[in-house]
Amino acid sequence: MMVFGVRTMNFLGYRFGVIVASFAALYFFLTSRTTRRASREYLTRLYEVSGGTTPTPSRLHSLRHHWTFAITVVDRLRFWQGKLHQFQFAHEGTEHMLDRDRGAVLFGAHVGSFDAMRAISRKREVPLTVVMHRENARRFNAVLEEFGGDVSIDVVEIGDGVLTGLALKQRVDRNELVALLADRVLPGRQERTIVVPFLGKPASFPVGPWLLASLLGCEVLFSTAVRVGPRHYSISVTSLFEDVLLPRNDRTAALRHHVLAYARRLEAVCLAHPYQWFNFFDFWEPEGVLAEAASSGHEAAATPADQVR
């Protein structure tokens with residue numbers, strides 16, 4: 001189905017894809033109470049934290065939130081096929097990814113289009129391994145196989161034993177990059193979480209990415225690629241931690257420290273680009289869960305590979 005959609009978009013052209021995506025955004029906005037509610041909650045959180053400087057949580061702005069997501073999906077289909085020459089990219093801090101003696105982990109989020117990070121990897125010929133859950137990885141690989149996507153990128157499925165944390169460590173040791181998203185706990189999935197304040201309310205973040213970073217023993221970079229205009233993205237990379245140390249005697253506190261730093265960096269991006277955070281579900285925890293999490297750590301037993309986003 002994904003391959004058919006890409007083939008159709010290629011035949012009809014980019015502009016037609018934008019038109020189709022716009023109608024799709026309107027359809028989901030009108031028919032999906034879940035995404036409307038999630039969008040309004042997010043815009044409300046932003047509006048309150050910013051002191052009223054971000055867009056008001058109105059229906060019109062919620063529709064624009066949906067529309068922005070739909071357009072980035074159209075762009076992603078191009079990125080997946082390696083058609084990066086059709087876009088413009090502004091770079092900030094990308095020296096953190098380049099001219100390194102050792103690889104690094106890129107932590108992204110569901111902001112803008114993380115796939116645009118491939119522009120840096122491809123331009124400088126830096127091998128990039130993207131860690132995804134099984135279904136997303138299969139869709140991605142299907143597109144790459146059908147349309148001859150970028151050979152400098154490798155997509156790894158989590159949960160099937162294809163590539164272990166030790167194999168990823170070997171890639172980092174070869175001065176390669178490992179990229180994954182660290183802001184979403186999949187609904188219905190049993191995985192370890194840490195609850196920290198995010199946009200003024202408690203929210204759960206996955207522990208898995210930090211367990212992996214600790215295993216790899218390398219620098220953690222925070223990276224985003226936000227859409228700043230038609231076919232124009234701004235890529236930003238900053239250093240988050242030189243390494244992730246998780247002492248056995250105080251692992252929960254150490255995890256919370258790292259996750260909180262990530263959440264604060266993500267807040268700044270959301271405030272600067274309010275329409276480009278795409279978690280259309282009930283992201284925030286009920287009031288009071290933060291205190292409960294402080295004592296329990298929300299840490300159920302699981303392997304590092306099962307945790308990774």
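Each reported figure results from applying straightforward, stated rules to the coordinates on display, with no laboratory input. Predicted, not measured: the structure shown is a model, and the values here were computed from it. So basically every Cβ, Gly included, is an ideal-geometry build from the backbone, and we count neighbours across all protein chains shown.
Summary of computed values
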{"item": "Order of ARG100, ARG15, ARG36 - criterion: other Cβ atoms within 10 Å of each residue's Cβ, fewest first", "result": "ARG15, ARG100, ARG36"}
{"item": "Highest average packing first - 40-49, 105-114, Cβ atoms within 10 Å", "result": "105-114, 40-49"}
{"item": "Computed label-point distance, nm, for sites SER58 and GLU95 using a 7 Å Cα→Cβ extension", "result": "4.4"}
{"item": "Protection proxy ranking, peptides 70-81, 205-216, average beta carbon neighbours within 10 Å, highest first", "result": "205-216, 70-81"}
{"item": "Loop GluC sites (Glu not before Pro), segment 188-268 (other Cβ atoms within 10 Å of the site Cβ: 14 or fewer; DSSP)", "result": "GLU242"}
{"item": "Pair-distance profile P(r), taking every C-alpha pair of segment 51-91, with 10 angstrom steps and integer %", "result": "24, 34, 27, 15, 0"}
{"item": "Net length gained if the chain between GLN88 and ALA24 were fully extended (0.36 nm per residue, minus Cα distance)", "result": "20.5 nm"}
